[in-house]
Amino acid sequence: MSGTRRLMILPCEPGRQDGYSLAVAADLARLAPGPEDVVVYRSAPSAARQDGALPIATATAAEKAWNILRGRPPYELLEGSLRRCLAGVAGGFEEIFAGEIFFYRALRQMFPAAQIQARSHNFYSLGRCRQLLGHVPTNLRHSLNLFLYSRLEMEILADPKASLAFITEEELAFARLLSPLAPSSWWPVVDPGLALREDLRAPTVPRLVFFGSAAASHTAIGLKLLCQEVFPRLRARMPQVELHLFGHGSEAYGAPARGIHGHGRFAGDGLPFEGDGLFCVPDVHGCGIKLKVADLLKAGAPFITTPMGLSGYHLPPHPHVLVHELKDWAEALAAYFQAQGLDQPPRTTA
């Protein structure tokens, strides 16, 4: 994006707390706002900011319900909220960056002639096609999101004054098949040259670790299948194996009697258990990029994921990076732990 004055509206504060904030931080670094630009953060503190950015509140429960009733994504920004936020800002903007696609319609209503670039964190149109083909397990909430967000994406792709910035090359390629003339682009968050570390190590104990938010609709599908179907089959083969869950909402999945421990948000630095365990990325959605995979690669931790969970990465085969459909995880994990000599019950002392 170039121009003398830009508006940038971002869906959260930049940071390293989760994949969303990491992606926002990467976008902000790429955009490099100048003194003439106006930056808006959603969910920002209401107190005055030292950096001059403007806060805009996230969607309330009533706004989410209203959006769904009129066939809009639940978190879609209302034009009235945007107008109130920018009420004290004089002049117009040559270019606008929407850090999430649910900002697009309010921005287009308020700035009908502006060039708008919207960031796609998850290309729902691709996910919906996979769902229709029967490749994506789903639930009502996720199915509704796929429908509402994919319809919004088609509206943006059809707008000659709008463009989408995708997070993986695969999503960009799919968008260009749908709309060859749309000026879409690829804005990576993960270094495309990220490679496997030579010291990528095996776990020393039969422990599975999930590390990430359990609240998102697409994440919850895979995590529920892992806890309710995959792990019980594995534990029937290996009673000593444990599953430890870290992240927002993970407490709800805890069942210590069944070997599942929900710890909630991880308060430490680095990885839980200092990376000692086989980490799980049970992604069945496949849209966007799983930034926890990058964290695991950088830390040299072993992990298992699905082919969709590895979307956006180009890694050679490795004995400590397991890639299997979620339905096949129990058998693959049992074979892996056996190969590492971790399938024997612990010794007891008199």
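The values are calculated or read from the model by the stated rules, or taken from the named source; none is laboratory data. Note that the structure is predicted; figures quoted are calculated from it, not measured. Neighbour counts run over all protein chains shown; Cβ positions are idealised from the backbone, glycine included. With ligands, DNA and RNA removed, areas are computed over all heavy atoms of the protein, side chains included. Shrake-Rupley method; radii C 1.70, N 1.55, O 1.52, S 1.80 Å.
Assorted remarks:
- Rough spin-label spacing in nm, given labels placed 7 Å along Cα→Cβ, for residue 204 and residue 344: 1.7 nm
- 314, 248, 285, reordered so the largest accessible area comes first (probe 1.4 Å): 314, 248, 285
- With the whole protein complex present, residue 66 retains an accessible surface near 140 Å², based on a 1.4 Å probe.
- Phi to ³J(HN,Hα) by Karplus 6.51 cos²θ - 1.76 cosθ + 1.60 over segment 238-250, Hz, x for Gly, Pro: 10, x, 7, 6, 10, 10, 10, 10, 10, x, 4, x, 6
- Highest GNM mean-square fluctuation among 287, 129, 12, for the chain modelled with Cα contacts below 10 Å: 129.
- Extension gain from residue 155 to residue 332, taking 0.36 nm per residue of separation minus the Cα-Cα distance: 59.5 nm
- Only protein heavy atoms count here; under a 1.4 Å probe, residue 224 has an accessible surface of about 110 Å².
- Across segment 175-188, coupling constants 3J(HN,Hα) worked out from phi with the 6.51/-1.76/1.60 Karplus curve, θ = phi - 60°, read 4, 5, 5, 6, 9, x, 8, 5, x, 7, 8, 10, 10, x Hz, and Gly and Pro carry x.
- Fully extended contour minus Cα-Cα distance, from residue 58 to residue 177, at 0.36 nm per residue: 39.5 nm
- Lysines with Cα under 17 Å of residue 298, excluding same-chain neighbours fewer than 8 positions away: 290
- Segment 68-221 - percent relative contact order, Cα under 8 Å, separation 6 or more: 19 percent
- Euclidean distance of C-alpha centroids, segment 273-314 and segment 138-192, integer Å: 22 Å
- Quotient of C-alpha Rg and 2.2 N^0.38 Å, computed over segment 164-299: 1.22
- Heavy-atom SASA rank of 343, 269, 283, 18 (probe 1.4 Å, accessible area, largest first): 269, 18, 343, 283
- Top of 26, 294, 62 by mean-square fluctuation, Gaussian network on the chain, Cα under 10 Å: 62
- Annotation: amide H-H contacts under 5 Å for residue 210 (H modelled 1.01 Å from N, sequence separation of 5 or more, or interchain): 244, 245, 246, 280.
- Partner aspartates and glutamates whose Cα lies under 19 Å from the Cα of residue 327, excluding those fewer than 8 positions away in the same chain, are identified as 229, 242, 283.
- Residues whose placed amide H lies under 5 Å from that of residue 5, excluding near-sequence neighbours: 94, 95
- Selected from 244, 263, 135 as most flexible by GNM, with the chain as the system and alpha-carbon contacts under 10 Å: 135
- Percentage relative contact order, the chain, counting C-alpha pairs under 8 Å, at least six apart: 13 percent
- For residue 238, no residue whose modelled amide H falls within less than 5 Å of its own remains once neighbours fewer than 5 places apart on the same chain are excluded.
- Along the chain, the exposed loop sites are GluC sites (Glu not before Pro) outside DSSP states H, G, I, E and B with at most 14 other Cβ atoms within 10 Å, and the longest stretch free of them is 199-324.
- Per-residue SASA entry for residue 310, accessible area with 1.4 Å probe, Å² rounded to 10: 30 Å²
- Per residue, segment 265-350 exposes an accessible area of 47 Å² to a 1.4 Å probe, with every protein chain left in place.
- Per-residue Karplus couplings for segment 5-16, computed as 6.51 cos²θ - 1.76 cosθ + 1.60 with θ equal to phi - 60°, are listed in order as 8, 10, 10, 10, 10, 10, x, 6, 5, x, x, 10 Hz, Gly and Pro entered as x.
- Length gained when the stretch residue 258-residue 185 is fully extended (0.36 nm per residue, less Cα-Cα span): 21.7 nm
- Sites listed here are trypsin sites (Lys or Arg not before Pro) in segment 54-122 whose DSSP assignment is loop and whose Cβ has at most 14 other Cβ atoms within 10 Å: 70.
- With both residues required to sit in the chain, DSSP beta bridges show an antiparallel share near 5%.
- Accessible surface of the chain [probe 1.4 Å, protein heavy atoms]: carbon and sulfur percent: 56 percent
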